[in-house]
Amino acid sequence: MNGKKEKQSKNADRILTIPNILSFFRICLIPVIVWLYVYKKEYTWTACVLILSGVTDMVDGFIARRFNMISNVGKVLDPIADKLTQAVMLICLFTRFPMMIVPLILMLVRELFMGVTGLLIIKKTGNVLGACWHGKVATCLLYVMMILHVFWYDIPVMASDFAIAVCTLMVAVSFGLYGIRNMKILKQADKNK
């Protein structure tokens, strides 16, 4: 058991890992997505690159857990890659679907809150928090909703609004649950002083 903990502790400080390389690769795909969607108007290719980004997100998480490659850099880099991809794609979609502003603003507020409280948690406890199940579900729904809007060029307004509403609801639920978790950790850290 001590050997496993020692190995996890050793891996926590690694920077050059397969999951971290995949997260960096996802960041590199962002300009490609913008170029394909906004300038080339190649919606099928945009969706393919977005799917590739989503698949590499799942793969890097699987590899990190399965092969003990979870690192502190990865805990920060992975969500940055996710959120940048999501925000940029929502901004691209906003050029055609004005209701995309709702999940975009909610996501930006959530990430600002998560960033500030996350930094406070690191400062007070030394721990870098990972993603929870609800955050992963929100991310998955966000990708599905974005890919649906990219592939289905003439999506009816009612179908579009419904998909956006479901996605926004899950992002709001995730925001609430993360908020409760982070505030509890911060309160506990203050009590332990």
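The values are calculated or read from the model by the stated rules, or taken from the named source; none is laboratory data. Note that the structure is a prediction, hence the values are computed from the model and not measured. Note: ideal-geometry Cβ built from the backbone for every residue, glycine included; neighbour counts use all protein chains shown. Please note that ligands, DNA and RNA were not included when accessible areas were found on the heavy atoms of the full protein model with its side chains. Shrake-Rupley method; radii C 1.70, N 1.55, O 1.52, S 1.80 Å.
Check each of the trypsin sites (Lys or Arg not before Pro) in segment 4-105 and keep only those in coil by DSSP with at most 16 other C-beta atoms within 10 angstrom; list them in order.
Arg14, Lys40, Lys41, Arg96
Given a 1.4 Å probe and every protein chain left where it sits, what share in percent of the accessible area of the chain is carbon and sulfur?
72
Of the listed values [x] 56, 34, 23; [y] 72, 34, 30; [z] 50, 32, 30, identify the label whose number matches Cα extents along the principal axes in Å calculated from this model.
So the structure-derived entry is [x].
Return one whole number: the accessible area per residue of segment 33-93 in Å², for a 1.4 Å probe.
Ligands and nucleic acids excluded, the figure is 50 Å² per residue.
Can you flag which of Lys124/Lys184; Lys75/Lys124; Lys83/Lys184 are past 22 Å Cα-Cα?
Lys83/Lys184
Within the chain, what's the longest run with no chymotrypsin sites (Phe, Trp or Tyr not before Pro) in a DSSP loop and at most 14 other beta-carbon atoms within 10 Å? Give the range, please. Please report the intermediate quantities before stating the final value.
Details: sites that count: Phe67, Trp152, Tyr153.
Counting at most 14 other Cβ atoms within 10 Å as exposed, the longest clean stretch of the chain is 68-151.
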